[in-house]
1. Where does segment 144-266 land on Rg/Rh, using Cα atoms and the Kirkwood Rh?
2. Under the rule of at least 5 residues apart or a separate chain, name every residue whose amide H is placed under 5 Å from the amide H of I64.
3. Between N185 and S162, how high is the FRET efficiency from 1/(1 + (r/R0)^6) when r is the Cβ-Cβ distance and R₀ = 25 Å? Nearest 0.05.
4. Can you give me the long-range amide H partners of G30? Hydrogens built in the peptide plane at 1.01 Å from N, cutoff under 5 Å, separation of 5 or more residues or another chain.
5. Go through segment 174-181 residue by residue and turn each phi into a ³J(HN,Hα) via Karplus (6.51, -1.76, 1.60, θ = phi - 60°); whole Hz please, and just put x for glycine and proline.
6. Could you pull out the pairs from K79/K212; K71/K164; K164/K245 whose alpha carbons sit more than 18 Å apart here?
7. Among 95-102, 177-184, what's the highest-first ranking by average C-beta atoms within 10 angstrom per residue?
8. Output the peptides 202-211, 166-175 sorted from most to least packed, where packing is the average of other Cβ atoms within 10 Å over each peptide's residues.
Amino acid sequence: MRTTQFVESYFDAWNHCDSQAVADHLTSDGIYCDVPQNEQCTHDELVTFLNDFFSKHHHRYELIGEILTGKDTIAFQYKVFPQGEIVENPSPTAYRGAEFMTLHGDAAMTITDYYDIPGTGRDSTPGQMTSREMQARKYAKSGLSDEQMHCYKAQLVAIMQSQKLYLNPDLTLPRLAKSVNCSVNHLSQVLNSGFGMSFFDYLNQFRIDHAKQLLARRDDRKSAILNIAFAVGFNSNSAFYAAFKKRVGQTPAQYRRHLLTRLNGQ
């Protein structure tokens, strides 16, 4: 399936509140990552979640700008409007988001969703509210507007997707800020407040998703896991294992065995 058709089909599923169709854009062992909520859903869990979500919320989802593509990746921005709202005169409840997908064949291995919903800060747990309030105080005088924040977020996703900077084990926050053409403080704010992640957690999500692709390739099945760890930007096997299990819920070896078992059973 071509990239444009894939994204159009994905938006169509959201706009028709079709939980199954949205989830079917994932591979059978794919993962949907909701960054603001810090949650991950498998295919079936996503269906269950969306059934409940669509029963309460009816929105229209529209693509903003171009779809950015790489060898096995897609990145794009979107805007969400309450159903029936006039696009030219959106209400304060309209919001923006961005998604980054890693593909495997005609489906996505991971869909990572970033978004900012106005007025939702107080709906979180006390711990999350405290964290958000601390972030707000920390960056109160940074001078970074919401428009600049969205711009830097889009630039960051595009650069990470197209240049694969995360593969560089020596990548630092200042070096990444230089690539995005912003200050270190602003990039830190984009990562912490915009994506809800630390610098290393943000890098590691790309590294782990890339590692999953390498582990899934038939010609790499005999590659030592340590070699894959180094290939995706980690400096040690222990750091790779810890980050992989945190994101995937399995060790790299367990993930590879699961893939082999599933393929051998087909």
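1. On the way: Rg = 16.2 Å, Rh = 15.5 Å.
Over the Cα atoms of segment 144-266, Rg/Rh equals 1.05.
2. Under 5 Å from the amide H of I64 lie the amide H atoms of Q77, Y78, K79, each far enough along the sequence or on another chain.
3. Values: r = 24 Å, r/R0 = 0.98.
Rounded to the nearest 0.05, the efficiency is 0.55.
4. H43
5. Ordered by residue, 3J(HN,Hα) equals x, 5, 5, 4, 5, 5, 7, 6 Hz.
6. Details: K79/K212 29 Å; K71/K164 11 Å; K164/K245 22 Å.
Pairs exceeding the cut-off: K79/K212; K164/K245.
7. On the way: 95-102: 22.0, 177-184: 15.9.
Peptide ranking by packing, descending: 95-102, 177-184.
8. Details: 202-211: 23.2, 166-175: 13.7.
Output ranking for 202-211, 166-175: 202-211, 166-175.
Only the coordinates and a few stated rules stand behind these numbers; no lab work does. Remember, it's a predicted structure, so these values are computed and weren't measured experimentally. Cβ atoms come from the backbone with ideal geometry, glycine included; neighbour counts cover every protein chain shown.
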